[in-house]
Amino acid sequence: MIEKALLKERFVKWVLIAFALSSLLFLFLIFIFILAEGLPLFLKVGVGNIIGGFKWAPTRGSFGIFPMIVSSFLVTIGALAIGAPMGLSCAIYLSEYSGKKTQMLLKPALELLAGIPSVVYGFLGVIYIVPLVRNYLGGSGFSLLSTSIILGVMILPTIISISFDALISVPKTYREGSFAMGATKWQTIYKVILPSAKSGILASFILGMGRAIGETMAVIMIAGNALKIPGSILDPLRTLTGNIALELSYASGDHRLGLFSTGVVLMVIIMILNYIANFGIKRKIAK
């Protein structure tokens, strides 16, 4: 009986290992596929000419994606500027001020935002946000500002969920010690709880950035898709993801390779952001 139980234990262990390795294998195969398709153009044109180039005209031999890289980061920073304060404030309310019944009602409702298709966010942006920006601030409405607002809302579930978990993981003794010293509720939150949970909160911001920089459909619908670096928050722009989605259906030859090169750059950026987030989480656990 003991030997039979040990055999079952080993079998389950190796099955779980196989599933874990298969997940890594899929990720590795995706990266190798994109790299194999995009690398030839890097070797042919040059990494500097692609990443540092300002002109995207693949049919004429120009593959510069620098304006799209800048636009992607500008949109991501704008989304974070809108979503981070809102998400963190909501997480603080849920963890420190709301009761258990309120948490049970609000937290699942907020997390449902992550399940809404991005095309719905884009549709709402076109119907409501774009006209508001156009009527009250000027321009076409399809702009950096409109895109940042929509992405700021889309990253809220990520920031709220991870920040909430980081805040409630702070030991109760920290709060009790602060209250014993005569601190108010807000002073305890600002001086004790937030610094203790800063690694987890930072990780939520970085993962939110990864979510924003990888968004496609909503960005295509709202950004305006202009091949230039926006000079103001009311100017249109095109992101890396938007460029791939807009042109891949009809691209061929070097044009297609250029889009895969764009994908390589995008994947490297997202991998770096995820690595930074994981490093922040590990630091939090180590403390």
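The values are calculated or read from the model by the stated rules, or taken from the named source; none is laboratory data. Model, not experiment: these values are computed from the prediction. Cβ: placed from backbone, ideal geometry, glycine included. Neighbour counts: every protein chain shown.
General remarks:
- Residue pairs whose Cβ atoms lie under 7 Å apart, sitting 6 or more positions apart in sequence or on different chains, and linking a residue in region 53-73 that is more than 18 Å from Phe42 (Cβ to Cβ) to a partner that is surrounded by fewer than 20 Cβ atoms within 10 Å (Cβ to Cβ), are Thr59/His255; Pro67/Phe54; Pro67/Leu227; Pro67/Lys228; Pro67/Ile229; Val70/Ile229; Ser71/Ile229.
- Number of residues in region 78-90 that are touching a residue at least 24 places away in the same chain (Cβ under 8 Å) and either under 26 Å from Thr262 (Cα atoms) or among the small types (Gly, Ala, Ser) (or both) equals 7.
- Restricting Leu113, Leu124 to residues that are surrounded by fewer than 19 Cβ atoms within 10 Å (Cβ to Cβ), in contact with a Leu (Cβ under 7 Å, 6 or more places away or on another chain) and under 18 Å from Ala79 (Cβ atoms) narrows the list to Leu113.
- Residue in region 142-161 that is in the same structural domain as Asp235 (by TED's automatic domain parsing), free of Cβ contacts under 8 Å to residues at least 60 places away in the same chain, buried (at least 23 other Cβ atoms within 10 Å of the Cβ) and of a type in the set (A, V, I, L, M, F, W, C) present: no
- Search result, residues across region 161-175 that are farther than 26 Å from Ala114 by Cα and either of a type in the set (Phe, Trp, Tyr) or modelled with pLDDT under 85 (or both): Tyr174
- Flag for Ser72 being under 30 Å from Gly200 (Cβ atoms), modelled with pLDDT under 85 and either surrounded by 11 or more Cβ atoms within 10 Å (Cβ to Cβ) or of a type in the set (S, T, N, Q) (or both): no
- Among (1) at pLDDT 85 or above; (2) not in a loop (DSSP other than H, G, I, E, B), the one test that Leu105 misses: (1)
- Test for Gly38: is it small (Gly, Ala, Ser), assigned to a helix (DSSP H, G or I) and surrounded by 17 or more Cβ atoms within 10 Å (Cβ to Cβ): yes
- Residue list for region 221-235, restricted to those being of a type outside the set (Lys, Arg) and part of a loop (DSSP other than H, G, I, E, B): Ala223, Asn225, Ala226, Leu227, Ile229, Pro230, Gly231, Ser232, Ile233, Leu234, Asp235
- Close Cβ contacts (under 8 Å, 6 or more residues apart or on different chains) running from residues in region 229-247 that are in the same structural domain as Ser140 (by TED's automatic domain parsing) and over 18 Å from Val265 (Cα atoms) to residues that are aromatic (Phe, Trp, Tyr) and assigned to a loop (DSSP other than H, G, I, E, B) comprise Pro236/Phe142.
- Elements of the type helices (runs of 4 or more DSSP H) sitting completely within region 158-213 and holding at least 2 residues that are under 18 Å from the mean Cα position of the chain (by Cα) and closer than 30 Å to Leu145 by Cβ: these cover 198-213.
- Some residue of region 87-103 being in contact with a strand residue (DSSP E or B) (Cβ under 8 Å, 6 or more places away or on another chain), surrounded by 15 or more Cβ atoms within 10 Å (Cβ to Cβ) and farther than 17 Å from Ser146 by Cβ: no
- Selection within region 42-80 - aliphatic (A, V, I, L, M), in contact with a helix residue (DSSP H, G or I) (Cβ under 7 Å, 6 or more places away or on another chain), closer than 24 Å to Leu234 by Cβ and in a helix (DSSP H, G or I): Met68, Ile69, Leu74, Val75, Ala79, Leu80
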